[in-house]
Structure formats: C-alpha cells, structure tokens
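The values are calculated or read from the model by the stated rules, or taken from the named source; none is laboratory data. Note that this is a predicted model, so its numbers are computed, not measured. Ideal geometry is used to build each Cβ from the backbone, glycine not excepted, and the neighbour counts take in all protein chains shown. When the accessible area is computed, the model is the full protein with side chains, heavy atoms only, and any ligands, DNA or RNA have been set aside. Shrake-Rupley method; radii C 1.70, N 1.55, O 1.52, S 1.80 Å.
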Amino acid sequence: MKIMAAGLEAVLVEVDSTDQMLALYRGLERARRDGVARGLVNLVPASKTVLVEFDTFATSRYEVEQLVSGMALSTTSNEAGDVLLIEATYDGVDLRFVCETLGLARDEFVRWHSSLDWKVAFTGFAPGFGYMVAAEHRTTLPRLAQPRERVPAGSIAMAGNFTGIYPQSSPGGWRIIGRTQHRLFDVAAAPPTQMLPGRIVRFAVTK
C-alpha cells in the first residue's frame, strides 16, 4: 500500500490489485457509515487506487493515513448486498471479434459471459458507467483503434478485462457485444446510479 498526498484535503491510496482496492473501499465505507472514521467526505475508487477526501476541521491527514494503513486488504465474498439482474441481448457488432479473440463459439461465449458474477470495481467515464470485473475473465481485449463517434445507450461492451454498459449515447472505443433496455442512471433516483462499487451484476439472456 502506498499513501500519497493529493492536495491539502485528500490522500491517494495505491494498492496492488482491483480486489485490494475494493476491500479498502468497502472498509472505508463501513468505517464512515458506522461513525468509526470522522471527517471522511468522499471516496473515489479507481482500478488500483482510492482517493480519500476529508474535512480538515473534523480530522487530520495523520488520522486519515493511520485509518487507511490499518485497513485489511484481504478479499472477501460480495458485501454489496443484493444482485443486480440485467436482461441482455447478445447481438453486438463486435461479438464475432470478441468470440474469436477468446476462442469461443457464439453460444459458448453467451453461456460463459452470462454465467459469471460481474463485480462493479469502480465507476467513471460517464454517469452510471461501471467498470465490471469477473475472476474468470483474464484475457485483455483490445479497444478499437478508432473510437466510434456514437455508441447507443444500453450497449454492453468489453475492453481490457472489463465489461461495461453505456448508460447514455456517447462516443466509445469498447467492443460492443450486446444491448439492454435496463436504465442505469436516473438523476432523480437515490442513489442516481445502480452501478455501485462492489455490487454484483448478472446478465439474463433474452432473444
């Protein structure tokens, strides 16, 4: 674990893996929720880092660093609670490329992808976009050399070792494998996104 200053009111914590990042993030969220940690304002997870923002009137950098350094980084089973089930149609324009890259026939790929527990590691890129990982997916899928100018909302796509769903129509360079009608971001909802770090997502195949 490496703890670095990030301005006057935050520290950036770097760990060795996405699993360790999720363990750290969940631990800090619990500490904040249970009142064990004073002054934590915001937690921003990424692939192998967590940005910890704090209120200098309620705590100090030293206290935050002590809290962080005492967090266990061991991985555990899903602690995010309920499972988010998303209906998916596997008919994306890049499906053949992805199948060939993974060495699977189309039906084999659909069974494989929809059988996995996809865990939201972190969010970013666009409101409601979750970077999902699965322990059984280790192959790195290349992004498009030239990103598309428009990817339709609801597109299910893969890149690197992640699966993601475009919550809104936007540019994008991931490999599109399918689509869903599931609404992932609603500014009027609480919380506005269903893609919460640590949450498990499962895909249900539709025609």
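Some points to look at:
- Nearest 10 degrees, 0 to 90: helix 18-33 Cα axis against the chain principal axis: 50 degrees
- What the phi angles of the range 113-121 give under the Karplus curve with 6.51, -1.76 and 1.60, with θ = phi - 60°, is a coupling list of 5, 7, 8, 7, 8, 8, 9, 6, 7 Hz, glycine and proline written as x.
- Choice from 168, 66, 20 with maximal GNM fluctuation in the chain (Cα, 10 Å cutoff): 66
- Sequence of 1, 132 when ordered by accessible area, the most exposed leading, probe 1.4 angstrom: 1, 132
- Share of carbon and sulfur in the accessible area of the chain stands at 52%, probe radius 1.4 Å.
- Accessible surface, per residue, of the range 48-193 when the full set of protein chains is kept, probe 1.4 Å, Å²: 52 Å²
- Dipole of the chain, positive end: most advanced residue of 115, 10, 43 [Cβ charges, Cα centre]: 115
- For the chain, built as a Gaussian network whose Cα springs stay under 10 Å, the top-fluctuating residue of 195, 21, 71: 71
- Qualifying chymotrypsin sites (Phe, Trp or Tyr not before Pro) in the range 1-93, DSSP loop, other Cβ atoms within 10 Å at most 15: 57
- Taking all protein chains together and rolling a 1.4 Å probe, residue 186 ends up with roughly 50 Å² accessible.
- Overall, the range 40-191 carries a charge dipole of about 520 debye about its Cα centre when +1 sits on the Cβ of Lys and Arg and -1 on the Cβ of Asp and Glu, all other atoms neutral.
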